[in-house]
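Beneath this line is the structure, given in structure tokens, with notes to follow.
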């Protein structure tokens, strides 16, 4: 099986311009206004589909998550958290639009459903629902990083048994859903946001195995919103794809799963940071 490879010769700049076309900007504003009207503390956040169909039976976002995403929460980021996001080339506009927030320490355990030891602070990464509002699914970046039993560093946590979901940057969501232009499937939420800032339609997945459910090699149900038939999908995998056989094997499985849905996957080799 062959994966077409394409070198990206220039590094992603440290300070990216927030580049979206006029239709993308309109779409982003529309989603922002829609969410602002619905993000009320302790109230169910329904998808646009549920609102249109009058169906109140969707999942309920945890009250503490609803509060953190609402306009009632100031949303100010701790300076250390803001510096970490800017180090990943994220602009203030992207951070605001995605509602990335510092989590009050007393809420970390309530968000995750367990109390992680030795965690002093965390950044909330909400997952937008492509139908509108947010999913009842989160990840948090923790400070300082933890270590698992084998001594591997753990930078992100999420509620137990919450599975994997796709991450949809809002700046290019309209083009991701409504067009057949090439879409970038990017490993990592912050990297996906950085790609979207360049004006490239992007979707993120969390970790090299984050595109499928456990025990399956089929694409997540979240892929159903994407038109994949005959669509070019640029696979932007972490830089160790050339040196780590497990990553390379997983990338090939992802390419096979996309090809089975009619997509045309191409592996993008990102530059390795110095």
> Among the residues of the stretch 228-274 satisfying the criterion of being out of contact with any helix residue (DSSP H, G or I) (no Cβ under 8 Å at 6 or more places or on another chain) and part of a loop (DSSP other than H, G, I, E, B), which is nearest to residue 207 (Cα to Cα)?
Replying inline: 244
> Does the stretch 102-120 contain any residue that is in contact with a helix residue (DSSP H, G or I) (Cβ under 7 Å, 6 or more places away or on another chain), without any contact (Cβ under 8 Å) to a residue 24 or more places away in the chain, farther than 30 Å from residue 262 by Cα and assigned to a loop (DSSP other than H, G, I, E, B)?
Replying inline: yes
> Tally time: how many residues in the stretch 178-205 are within 17 Å of residue 266 (Cα to Cα) and part of a loop (DSSP other than H, G, I, E, B)?
Replying inline: 5
>> Considering only residues that are surrounded by fewer than 18 Cβ atoms within 10 Å (Cβ to Cβ) and over 14 Å from residue 156 (Cβ atoms), which ones fall in the stretch 80-106?
In response: 80, 82, 83, 86, 87, 92, 93, 96, 104, 105, 106
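Determine whether residue 254 is over 17 Å from residue 90 (Cα atoms) and crowded, with 19+ Cβ neighbours inside 10 Å. If you could, list the steps in order and put the result at the bottom.
Values: over 17 Å from residue 90 (Cα atoms): yes; crowded, with 19+ Cβ neighbours inside 10 Å: yes.
Answer is yes for this residue.
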>> Restricting to the stretch 131-163, name every residue that is surrounded by 18 or more Cβ atoms within 10 Å (Cβ to Cβ), touching a strand residue (DSSP E or B) at 6+ places or on another chain (Cβ under 9 Å) and assigned to a loop (DSSP other than H, G, I, E, B).
In response: 158
> Being more than 16 Å from the chain's Cα centre (by Cα), closer than 26 Å to residue 262 by Cβ and at pLDDT below 95, is that true of even one residue in the stretch 134-153?
Replying inline: no
>> All but one of (1) buried (at least 19 other Cβ atoms within 10 Å of the Cβ); (2) out of contact with any helix residue (DSSP H, G or I) (no Cβ under 9 Å at 6 or more places or on another chain); (3) part of a loop (DSSP other than H, G, I, E, B) hold for residue 208; state the number of the condition that does not hold.
In response: (2)
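The values are calculated or read from the model by the stated rules, or taken from the named source; none is laboratory data. The structure presented is a predicted model; accordingly, all values stated were derived computationally and were not measured. Here the Cβ is made from the backbone with ideal geometry for all residues, glycine too, and neighbour counts use every protein chain on show.
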